[in-house]
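Working notes, structure below.
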Amino acid sequence: MFQSVTPRTAGFDTVQQSTLSLPSRVFTLFLMYVGASPASTGGGIKTTTFFIILVMILRGSQAREDVRLVRRKLSSQSVSSGMMFALRALALVAVATFLLSVTELLVRPGPPEQKYFLAVLFETFSAF
């Protein structure tokens, strides 16, 4: 449980990340993208924005102006802002990953560039 919280907040290294399996590292990337809750200083798109995206995915294409959930109402403006922020964040991470992979290739030329891609991706999500 503690390991699922650390990538989203302070980034304490309780387990050496290089010893994790590939699925565990990919899930850690996801946790770093989602990030912390809004009142904290952690990065990411925030848990509330992820919740809005999840609700919109599960809701599908039902045409209603506002999203109503658990006796609360989210305006269409809030939903649009959350979705746009998450897409911009993903685009930023993609561009940063590309730029870092190019610079990594300049520093370490040679065939094993796929070996370093996950490390570059991990570094990008961690910085985000």
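Since every read-out is calculated from the coordinates, none of them should be taken as a lab result. The model shown is predicted, which means the values in this text are computed figures rather than measured ones.
Using the Karplus curve 6.51 cos²θ - 1.76 cosθ + 1.60 with θ = phi - 60°, work out ³J(HN,Hα) for each residue of the stretch 18-25 in order, rounded to whole Hz, and write x for Gly and Pro.
Computed from phi, the couplings for the stretch 18-25 are 5, 8, 6, 6, 4, x, 5, 5 Hz.
Each residue of the stretch 91-96 in turn: what ³J(HN,Hα) in whole Hz from Karplus with 6.51, -1.76, 1.60 and θ = phi - 60°, glycine and Pro shown as x?
My calculation for the stretch 91-96 gives 5, 4, 5, 5, 5, 5 Hz in order.
With θ set to phi - 60°, apply the Karplus curve 6.51 cos²θ - 1.76 cosθ + 1.60 along the stretch 118-128 and write out the HN-Hα couplings as whole Hz, x wherever there is a Gly or Pro.
Once rounded to whole Hz, the list reads 5, 5, 5, 4, 4, 5, 5, 5, 5, 5, 5.
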